Structures are given as structure tokens and as C-alpha cells.
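S.K.: Just passing along the structure, written as C-alpha cells.
The values are calculated or read from the model by the stated rules, or taken from the named source; none is laboratory data. Not measured: the values here are computed from a predicted model. We place every Cβ from the backbone using ideal geometry, glycine too, and count neighbours over all the protein chains shown. Ligands, DNA and RNA are excluded from the accessible area calculation, which covers all protein heavy atoms including side chains. Shrake-Rupley method; radii C 1.70, N 1.55, O 1.52, S 1.80 Å.
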Amino acid sequence: MGIDKGRLLRNVGRTAAITGAVGVAGLTYASVIERNWFRLRRYELPLLPPGSPRLRVLHLSDAHLTPGRRMLIDWIRGLERYEPDLVINTGDSLAHPEAVEPFIDALGPLLDRPGAFVYGSNDLFSPQFKNPARYLWRTSKDDYRKRRVPDLPWRELGAAMSGSGWLDLNNRKGSLKAGGLGVALAGVHDSHIKLDRYDEIAGAADPTADLRLGVLHSPEPANLDRFAADGYQLMLAGHTHGGQLCLPFYGTLVTNCGIDRPRAWGLNEYAGAWLHVSGGLGTSPYAPVRFCCRPEASLLDLVAGPGGG
């Protein structure tokens with residue numbers, strides 16, 4: 001039986017057209033719709049001593065802000081209506097040399113509340129184009145080996161947050177009052193660019209504090225293990241973007257750090273403590289897509305419980 005070459009070519013052409021249309025639709029959804037489809041994830045965790053009032057913690061991370069992202073700026077400003085008692089920013093706030101003022105504008109009234117922050121690598125170094133496929137077999141740590149001099153205004157960013165009373169936790173400890181409770185905090189600079197110095201904050205967390213928080217950008221197990229061993233009950237991190245491109249019914253493909261894939265997003269137990277990894281609010285300007293991984297902030301309601309104190 002002969003092959004109808006005309007029909008074959010038509011079928012191939014039709015299949016290619018359908019495949020192309022599906023690809024364009026998927027890319028449009030990921031870059032236009034889901035990338036701007038912000039959500040607030042909510043959790044309740046019984047960590048506080050018996051009789052304590054609720055403590056509401058707002059966790060922000062990975063805004064990767066550029067000046068023109070008005071929808072993201074306005075959405076962050078709107079989080080004030082949830083009246084958090086404490087705001088934690090786990091870094092990668094910037095993606096442009098002129099993004100400090102827009103980011104501080106986005107925080108707005110949240111800066112009047114108790115808060116703390118650490119930096120991520122992209123607060124110091126501007127984003128560069130990369131082949132996203134290589135994240136399947138390697139992290140982006142090596143990308144910074146030849147980048148010695150930061151080219152983003154990280155000092156101005158830190159000064160603006162510190163000037164509003166937020167604690168700078170980059171390789172530092174601190175304490176504050178939030179919601180009438182005493183909170184002990186410790187944090188490290190970003191391990192992704194080898195600026196973490198846990199030895200500078202090592203030692204048991206204050207046992208008299210009502211809550212003990214560990215703060216870091218990249219959830220590297222080496223630091224997480226030490227936070228947990230030092231008695232920090234809850235560790236807050238970002239960096240992973242939740243995978244950014246995820247598969248339905250499978251989830252995160254890559255973590256871009258040492259954390260295992262199931263704990264690269266959301267709230268999980270870790271070494272006798274709790275770990276919350278934010279899926280983040282933004283993307284690199286060179287990879288402005290999200291799929292099955294909506295941009296997010298998180299609100300953690302900490303309440304009294306049997307495991308508290």
C-alpha cells in the first residue's frame with residue numbers, strides 16, 4: 001500500500017501547529033496569568049507557651065522586584081490589612097538597581113510593625129540570563145565564583161529596613177517584642193554566595209523567650225541542622241521559588257540548593273523543629289514565568305499548644 005505523502009505532510013503540519021499553539025498558550029499563562037496570580041498561604045502552628053496570645057507572622061521572600069511591577073507592589077502593600085504582629089523578609093528583594101525605593105514603597109505600613117530580614121544573593125548581584133534547563137543538574141552557586149563586587153544597592157536596602165526598626169539578621173542575633181511576646185531571633189547571610197557564618201551566632205537560643213526563630217535565605221541543611229540543634233523552634237527560608245516550574249501531581253522539580261524536594265515549599269517538620277520555605281513572590285526578569293507554582297506570601301498564626309515554650 002502506498003503512502004499518501006500529501007496526507008502525511010498535512011498531518012505532520014497539523015500536529016506541529018497544535019503543539020505550537022499549546023506551547024504558546026502555556027507560556028502566555030505562565031508569564032502573564034500565573035506570574036501575577038498572587039496568593040496568601042495560611043498556617044496555624046502550636047508553638048507558643050500555654051496561655052500565650054496568638055502571634056501572627058507574615059513571611060515575605062523573593063520579590064525580585066523591578067520598578068515597573070506595580071501589581072506586585074500594590075499586592076504587598078495590601079498585606080497590612082491582615083495585621084501581622086511580626087514581618088520576616090528572607091531576601092532576594094531586588095532585581096534592579098533602582099528597585100530599593102519601589103520595594104520600600106511596597107512594604108509601606110508593614111515597616112511600622114516589628115520585623116527582621118536577611119539578604120539573598122540577588123540583593124547584592126543583579127540577575128543575568130541563564131539557561132533554565134541547567135537547574136535540572138546543578139545549582140546556581142557556581143555562577144557567583146567570578147562575581148566579587150556587588151552591583152545592586154544592598155546597603156541602601158538594608159539601611160531603609162533597619163532605619164524603620166527591623167532587625168538585620170545577616171550573621172547576627174537579636175530579640176524583639178511582638179504581639180506582647182518576647183521573640184529571640186538569629187539569622188545567617190546567604191549560603192548560596194558563601195557569606196553564611198553560623199559560627200558567629202552559634203549557641204543555645206534564649207530559653208526564656210516565648211518564641212525562637214531562625215532566619216535564612218537558602219534552606220541549606222548544614223545551617224538548618226545547627227538552628228534546630230540550638231533550639232530554634234521555627235526556621236524561615238526562601239530561595240527555592242517552590243520550584244517555580246512544577247508538574248501537576250508531582251510538584252517541585254528542582255530546589256537550587258541542598259534541601260530535599262518534598263520540603264522545598266511550605267511548612268514541614270525538620271530535625272525536631274519546623275521549617276517554612278516560602279514559594280516566593282517574584283521571578284528573575286530573565287525567566288518571568290511560573291507554572292503550577294503561584295507567587296505567594298505566607299501568614300503563620302502561632303498559637304499556644306502542648307509543644308510550645
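S.K.: Out of A222, A186, A237, I need the residue that is at pLDDT 95 or above and open to solvent by 10 Å² or more (accessible area, probe 1.4 Å). Which one?
M.R.: Numbers: A186 fails: open to solvent by 10 Å² or more (accessible area, probe 1.4 Å); A237 fails: open to solvent by 10 Å² or more (accessible area, probe 1.4 Å).
Only one candidate qualifies: A222.
S.K.: Just one of (1) modelled with pLDDT of 95 or more; (2) outside any loop (DSSP other than H, G, I, E, B); (3) surrounded by fewer than 16 Cβ atoms within 10 Å (Cβ to Cβ) trips up R134, so point out which.
M.R.: (1)
S.K.: Among the residues of segment 162-183, write down those that are among the small types (G, A, S), in contact (Cβ under 8 Å) with a residue 40 or more places away in the chain and part of a strand (DSSP E or B). Don't jump to the end; show me each part of the working.
M.R.: The first filter runs over segment 162-183 and keeps only residues among the small types (G, A, S), leaving 162-165, 174-175, 178-180, 182.
Restricting the remaining residues to those that are in contact (Cβ under 8 Å) with a residue 40 or more places away in the chain gives 164-165, 174, 178-180.
Once the filter is applied, which keeps residues that are among the small types (G, A, S), in contact (Cβ under 8 Å) with a residue 40 or more places away in the chain and part of a strand (DSSP E or B), segment 162-183 yields G174, A178.
S.K.: Now, a different point. It is to be established whether one or more residues within segment 243-256 are open to solvent by less than 20 Å² (accessible area, probe 1.4 Å), modelled with pLDDT under 95 and in a helix (DSSP H, G or I).
M.R.: yes
S.K.: Starting from segment 229-257, keep only residues that are closer than 17 Å to T90 by Cβ, then list their pairs with residues that are part of a loop (DSSP other than H, G, I, E, B) and among the basic types (K, R) whose Cβ atoms are within a distance under 7 Å, requiring at least 6 positions of separation or different chains.
M.R.: Within 7 Å, the pairs are Q244/R290.
S.K.: For segment 274-300, name all the residues that are part of a strand (DSSP E or B) and either buried (at least 21 other Cβ atoms within 10 Å of the Cβ) or at positive phi (or both). Please lay out each step first, then the result.
M.R.: Taking segment 274-300 and keeping what is part of a strand (DSSP E or B), we get 274-277, 291, 296-300.
Answer for segment 274-300, where residues must be part of a strand (DSSP E or B) and either buried (at least 21 other Cβ atoms within 10 Å of the Cβ) or at positive phi (or both): W274, L275, H276, V277, E296, A297, S298, L300.
S.K.: Looking at R197, R212 in this structure, which one is out of contact with any Pro (no Cβ under 8 Å at 6 or more places or on another chain), on the phi < 0 side of the Ramachandran plot, open to solvent by 60 Å² or more (accessible area, probe 1.4 Å) and not polar (S, T, N, Q)? Step through it out loud before you land on a result.
M.R.: Values: R212 fails: open to solvent by 60 Å² or more (accessible area, probe 1.4 Å).
From the options R197, R212, the qualifying one is R197.
S.K.: Output the number of residues of segment 75-85 satisfying the condition of being part of a helix (DSSP H, G or I) and either free of Cβ contacts under 8 Å to residues at least 12 places away in the same chain or open to solvent by less than 20 Å² (accessible area, probe 1.4 Å) (or both). If you could, list the steps in order and put the result at the bottom.
M.R.: Within segment 75-85, the subset part of a helix (DSSP H, G or I) is 75-82.
Filter once more, keeping what is either free of Cβ contacts under 8 Å to residues at least 12 places away in the same chain or open to solvent by less than 20 Å² (accessible area, probe 1.4 Å) (or both): 76, 78-79, 81.
Total satisfying the criteria: 4.
S.K.: I would also like to ask the following. Could you check N89 against (1) open to solvent by 10 Å² or more (accessible area, probe 1.4 Å); (2) of a type in the set (S, T, N, Q); (3) in contact with a strand residue (DSSP E or B) (Cβ under 6 Å, 6 or more places away or on another chain) and say which number it fails?
M.R.: (1)
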